[in-house]
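Structure record follows, encoded as C-alpha cells.
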Amino acid sequence: MERSDKTKGVRRTSEGRDAVFQNLKGRIEGRKARIAVIGLGYVGLPLAVEFARSGFRVTGIDTEKKKIDRVNSGNSYIRDVPSEELLREVGAGRLEATGDFSRLLEMDCVSICVPTPLRKTRDPDVSSIVSAAKQIAKYLHRGELVVLESTTYPGTTDELILPMLEETGLKVGKDFFLGFSPERVDPGNKKFMTKNIPKVVGGVTPKCSEVAVALYKCSMSSVVPVSSTKVAEMVKLLENTFRSVNIGLVNEIALMCDKMKIDVWEVIEAAASKPFGFMPFYPGPGLGGHCIPIDPFYLSWKAKLSGFEARFIELAGQVNSSMPYHVVNKVGEALNSVRKSVNGSSILLLGVAYKADVDDIRESPALDIYQMLTARGAEVSYCDPHIPEIKTDSFCAKAKPLTADVLERADCVVITTAHSVFDYKLVASKAKLIFDSRNVLKGVRSSKIWRL
Ligand SMILES: NC(=O)c1ccc[n+]([C@@H]2O[C@H](COP(=O)([O-])OP(=O)(O)OC[C@H]3O[C@@H](n4cnc5c(N)ncnc54)[C@H](O)[C@@H]3O)[C@@H](O)[C@H]2O)c1
C-alpha cells in the first residue's frame, strides 16, 4: 500500500511545513480527520466511541481478534460502552476495528491506548508501547498526529517514542506532531466518563500541543493544555500516587486502630465531617486494578534513574501490599474465636473484582487472599456475579451463586468487594461468621461480624 500523504505537493519549506500543520488542524476541526485508536481495552474502546460520536471516522486497531470481531459486530465487552451505542457508531460507518496496522497509512491522528504493566521485578514493561510505536513509525506520513494515552513514566514520549518516529526522517512539529494525553477514565463511574473528564494535553512542540488540543476539543467537554509531554505524563502519575499514598496512610491507620481497639470506620466518618482540609480515603483488603498499584512504580523507577528515592511511594506500596496478609490473619483470628482453624475450614469470598461493580480482576487483592487461604489449607470458594470464572496462571475457579445455602455452608464469609448487587441482609442473617473488609455491614451489630 502506498503512503497516502494528504499534503502531497506541499513543499518541505517552512511555508510548506506550516501548510502541513494548518491542513491537519483544518481536517480535525472539520471532523474530516481519520482517527486510529491502537488498543481497544477499557480505555481505547470508550475513547474510540467518543471520537466516533463526535463525527469522526474511527478505526480501532488491536492484536486480539476476538475484540476486533466484537467491535465490528457491535457487541461490546466493556461495561461502560453499551452495545447499542457501539452498534450505532459501527452501523453509521463511523467506527470499525482491524488488526491490520497498514491502515495507519489512511490516518491523520493516532491514539495509543495499549497496556503498561509492571515486570515481576516491578520495573515498567513498555513493550506494548514500543511495539505500537514501531508500527506507527513504519507507516508514518507527513501531516499525522500521534498521541500516547497509556500511563507511563515521565519522558516516555520524548525519549522513547520521538526517536523511533524521527528515525523515519520526518521532523516532529513540522512534518508530524506528537503529544501525550493521560487517560483518566474510572471504569464503573456513572458520573464522570471519557467525555466529561477534563483532558490534559501536552505536546513535544507548541504546534504539537495546538493540534492535539484541537483534536480533543472536538470530542471532550474540556481540555487542559500543559507545557510539555513530561508535565502531562507526570500529572497522571501524581494523581495515582496521591491515591496510593492516601490509601496507604489510611490502611496504616486501620492497622494501628486494630491494635488500639478503635473503630477506624467511625473515626474516618467523623473526620470527614470537617468541611475543609480533609478528604476521606477508606481502608480495604489491598489495592487492585490496572492503575493505582502499578503507576506509582513507573514514577519511582524513573525517579531512581535521576538518583531520587521516592520514599512515600515505596512506603505506601509496602503498607498496601501487606493488607491481603492482614485480612488472612484476621480471618484466622475470627475462626479461632469459634474454635476453628483456617486449615480445613470452608471460606467463601464475596467479590473478587478489584472494586465494586466492575468485572475486572487485574491485580485484585481478593486473588491473593484466595491463594493465601488455600495455601493455609482452607477450602475456598467465591461469589461474584461480575466474574463467572477466574483463570489465572496460579488457579482456576468458578463462581457460586449467592444463596442462603451457600452462605450457611461456609465457616466464614469474607466480604472482599462491595458489589451493590449482593444481598447484604441475606449475608448478615445466614452467614455463621463474617469478616467485612469493606464496612458494607456498617451499623449491623453482631458478635459474628468482624471488621477490618
Ligand atoms: N483501565 C483503567 O481504568 C485505566 C484508566 C486510566 C488509564 N489506564 C491506562 O491506559 C492504558 C490501557 O489500559 P487498559 O485498561 O485499556 O488496558 P486493556 O488491557 O484493557 O486494553 C489494552 C488493549 O491493547 C491491546 N494491545 C496490546 N498490545 C497491543 C499492540 N502492540 N497493538 C495493538 N493493540 C495492543 C490489547 O489486546 C487490549 O485490547 C494503560 O496504560 C493503563 O494504565 C487504564
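Structure values in brief
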item	result
Residue satisfying condition, being assigned to a loop (DSSP other than H, G, I, E, B) and either surrounded by 13 or more Cβ atoms within 10 Å (Cβ to Cβ) or under 19 Å from the mean Cα position of the chain (by Cα) (or both), within set 249, 287, 299, 349	287
Residue within the stretch 141-156 that is of a type in the set (A, V, I, L, M, F, W, C) and exposed (fewer than 15 other Cβ atoms within 10 Å of the Cβ) present	no
Scope the stretch 401-425; condition over 19 Å from residue 365 (Cβ atoms) and of a type in the set (Val, Ile, Thr); matching residues	403, 406, 421
All positions within the stretch 104-139 that are open to solvent by 30 Å² or more (accessible area, probe 1.4 Å) and either assigned to a strand (DSSP E or B) or more than 12 Å from the ligand (Cβ to nearest atom) (or both)	106, 118, 119, 120, 121, 122, 123, 138, 139
Residue that is within 16 Å of the ligand (Cβ to nearest atom), of a type in the set (Gly, Ala, Ser), over 17 Å from residue 363 (Cα atoms) and assigned to a helix (DSSP H, G or I), where the choices are 254, 232, 270	232
Residue satisfying condition, being open to solvent by 10 Å² or more (accessible area, probe 1.4 Å), more than 24 Å from residue 258 (Cβ to Cβ) and not small (Gly, Ala, Ser), within set 368, 411, 405, 384	405
Residue pairs meeting the criteria (Cβ under 6 Å; at least 6 apart or on separate chains; first open to solvent by 10 Å² or more (accessible area, probe 1.4 Å), in the stretch 31-55; second of a type in the set (Ser, Thr, Tyr) and modelled with pLDDT under 95)	46/194; 50/194
Qualifying residue in the stretch 229-244 (condition: within 30 Å of residue 327 (Cα to Cα), of a type in the set (Asp, Glu) and at pLDDT 95 or above)	yes
When residues of the stretch 171-185 are limited to those that are open to solvent by 10 Å² or more (accessible area, probe 1.4 Å) and within 16 Å of the ligand (Cβ to nearest atom), the one modelled with the lowest pLDDT	185
Answer from 165, 178 - the residue that is outside any loop (DSSP other than H, G, I, E, B) and under 20 Å from residue 235 (Cβ atoms)	178
Residue list for the stretch 302-346, restricted to those being open to solvent by less than 70 Å² (accessible area, probe 1.4 Å), over 25 Å from residue 439 (Cβ atoms) and among the hydrophobic types (A, V, I, L, M, F, W, C)	303, 310, 313
Those residues of the stretch 302-314 which are under 18 Å from residue 126 (Cβ atoms), in a helix (DSSP H, G or I) and free of Cβ contacts under 8 Å to residues at least 40 places away in the same chain, in sequence order	303, 304, 305
Residue match in the stretch 140-157 (condition: within 30 Å of residue 73 (Cβ to Cβ), within 11 Å of the ligand (Cβ to nearest atom) and over 21 Å from the mean Cα position of the chain (by Cα))	no
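The values are calculated or read from the model by the stated rules, or taken from the named source; none is laboratory data. From a predicted model like this one, the values you see are computed outputs, not experimental measurements. Neighbour counts are summed over all protein chains in view; Cβ atoms, including those assigned to glycine, are modelled from backbone coordinates with ideal geometry. Heavy atoms of the whole protein, side chains included, go into the accessibility calculation; ligands, DNA and RNA do not. Shrake-Rupley method; radii C 1.70, N 1.55, O 1.52, S 1.80 Å.
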